Amino acid sequence: MNIFRFLTAGESHGKCLTAIIDGVPAGFNIDTGFINSELKRRQGGYGRGGRMKIESDTVEITSGVRFGKTIGSPITLVIQNKDFANWEKIMSTSAEDCTSEKSFTSYRPGHADYAGSIKYNRHDLRDILERSSARKTAIEVAVGAVAKQILAQFNITGSSQVLQIGQGKTEQEFHNEIDIAKEQGDTLGGKIQITYKNLPIGLGSHVQWDRTLDGLIAQAVMSIPAIKSVSIGNENAYQMRGSEFHDEIFVENNKITRKTNNAGGIEGGMTNGEDIVVTACMKPIPTLRKPLKTVDSKDMTQTEAHFERSDTCAVEACAVVAEARIACILVDEFLKKFGGDSLTEITQRFN
Ligand code: EPS
């Protein structure tokens, strides 16, 4: 069982987003300001839409932290949706408020509408849109910011960058691509890279399929809306020779060293002491202002997809989300290896 476990709840235009994190040992500093700065990073990036002008995401911690430190009990995080003020009736939990305002029935290709409506037997596709929206990644970033603060106590740090947006590979090209796509009512995806440094050797394991760190990271990153591929280390491995790809091992000053890191910090499903390098590709956002052809679920006629306010591109935000998701995996593996009930206990074992 995982030690650092969390569940999130909340709809895109519901009252709030919530997470409960279990398994955080006592004695760790938790700075709300840091969580908020991560939330701000997620809201940014060129190509974001109208929603980000409404929200200024901030977290409230309602349990598990006292006087700035964790006390070992479950941590509850809450982010209010400011936009809820405009959706109170439409997103009401009460049967008395039932309305068809903002209901829609034309599936957005590429989104969860079609499969979700069949799976959950919902006729109003809003019932699927609300939870499948990437809005929920806000609370995931808040959880990741707690994980990052635990890792930071042991000097483990993460960062990310955008490698590509559409065909663009420089910042200027990113902006041009996004401007053109926006003008055409279209959307864009891209490629991101996340790096984590200063990891101890031996997080994850080779002994069982569901304990391999690369497998866990791939699942965590793939679960972010719109991610279509995840790779660890050199993405060109499949076309390289063994003699070129594998990172030869040397000893210098009595220490094991490598001159390359094609493995991306993971060998045999375990950290090997090198930086973890994860690359992921995001598809273009499926909600298009210039709608795609689709079918209306109420009468099976050919129509155009529903358009709901959306972003042209959210690749920069996605990089921040991926950093957060990986932090959660790393902290769980860290606690499995060095775990204890308090920072003091863990520090002794880590040292
Ligand atoms: C998002 C909030 C959403 C979308 C976007 C991401 O808010 P709204 O639907 O009110 O504009 O802007 O999500 C999608 C476009 C999607 O298809 O999931 C956010 O907070 O990141």
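Could you list all residues from segment 114-147 that are open to solvent by 20 Å² or more (accessible area, probe 1.4 Å) and outside any helix (DSSP H, G or I)?
Asn121, Arg122, His123, Asp124, Ser133, listed by residue number.
Would you please list the contacts, defined by Cβ atoms under 7 Å and residues six or more apart or on different chains, that run from a residue in segment 102-124 that is modelled with pLDDT of 95 or more and more than 14 Å from the ligand (Cβ to nearest atom) to a residue that is not charged (D, E, K, R) and not in a loop (DSSP other than H, G, I, E, B)?
Ser106/Thr294; Ser106/Thr303; Ser117/Ile128; Tyr120/Ile128; Arg122/Ile128
Restricting attention to segment 159-189, and to residues there that are touching a strand residue (DSSP E or B) at 6+ places or on another chain (Cβ under 8 Å) and part of a loop (DSSP other than H, G, I, E, B), which single residue is nearest to Leu292 (Cα to Cα)?
Here the residue is Leu188.
Being surrounded by 21 or more Cβ atoms within 10 Å (Cβ to Cβ) and either aliphatic (A, V, I, L, M) or more than 16 Å from the ligand (Cβ to nearest atom) (or both) is true for just one of Ile256, Ile346. Which residue is that?
Checking each option against the conditions leaves just Ile346.
How many residues does segment 178-218 hold that are without any contact (Cβ under 8 Å) to a residue 40 or more places away in the chain and touching a Leu at 6+ places or on another chain (Cβ under 7 Å)? Let's see the steps before the verdict.
The first filter runs over segment 178-218 and keeps only residues without any contact (Cβ under 8 Å) to a residue 40 or more places away in the chain, leaving 179-180, 183, 207-210, 218.
After this cut, where a residue has to be touching a Leu at 6+ places or on another chain (Cβ under 7 Å) as well, the list is none.
So the answer is 0.
Go through segment 152-178 and give me each residue that's exposed (fewer than 15 other Cβ atoms within 10 Å of the Cβ) and among the acidic types (Asp, Glu).
Glu171, Glu173
What strands (runs of 3 or more DSSP E) lie completely within segment 239-351 and have 2 or more residues being within 28 Å of Arg108 (Cβ to Cβ)?
Where strands (runs of 3 or more DSSP E) fall fully within segment 239-351 and carry at least 2 residues being within 28 Å of Arg108 (Cβ to Cβ), they are 276-282, 293-296, 301-304.
One residue is enough: does segment 264-283 have a residue meeting the conditions over 26 Å from Gly189 (Cα atoms) and in contact with a Pro (Cβ under 9 Å, 6 or more places away or on another chain)?
Yes.
If a residue has to be free of Cβ contacts under 8 Å to residues at least 40 places away in the same chain and either of a type in the set (Phe, Trp, Tyr) or within 14 Å of the ligand (Cβ to nearest atom) (or both) to count, how many in segment 66-85 make the cut?
3
Check off (1) among the hydrophobic types (A, V, I, L, M, F, W, C); (2) more than 30 Å from Thr347 (Cα to Cα); (3) over 20 Å from the mean Cα position of the chain (by Cα) for Ala226 and give me the number that stays unchecked.
Going through the list (1) among the hydrophobic types (A, V, I, L, M, F, W, C); (2) more than 30 Å from Thr347 (Cα to Cα); (3) over 20 Å from the mean Cα position of the chain (by Cα), Ala226 breaks only (3).
Is it the case, given these coordinates, that Ser37 is within 20 Å of the chain's Cα centre (by Cα), within 16 Å of the ligand (Cβ to nearest atom), surrounded by fewer than 16 Cβ atoms within 10 Å (Cβ to Cβ) and of a type in the set (S, T, N, Q)? Steps first, please.
Numbers: within 20 Å of the chain's Cα centre (by Cα): yes; within 16 Å of the ligand (Cβ to nearest atom): no; surrounded by fewer than 16 Cβ atoms within 10 Å (Cβ to Cβ): yes; of a type in the set (S, T, N, Q): yes.
No, not satisfied.
The values are calculated or read from the model by the stated rules, or taken from the named source; none is laboratory data. Predicted model, so just to flag it, every value in this text is computed and none were measured. Cβ: placed from backbone, ideal geometry, glycine included. Neighbour counts: every protein chain shown. We work out accessible area using only protein heavy atoms, side chains counted, and drop any ligands, DNA or RNA first. Shrake-Rupley method; radii C 1.70, N 1.55, O 1.52, S 1.80 Å.
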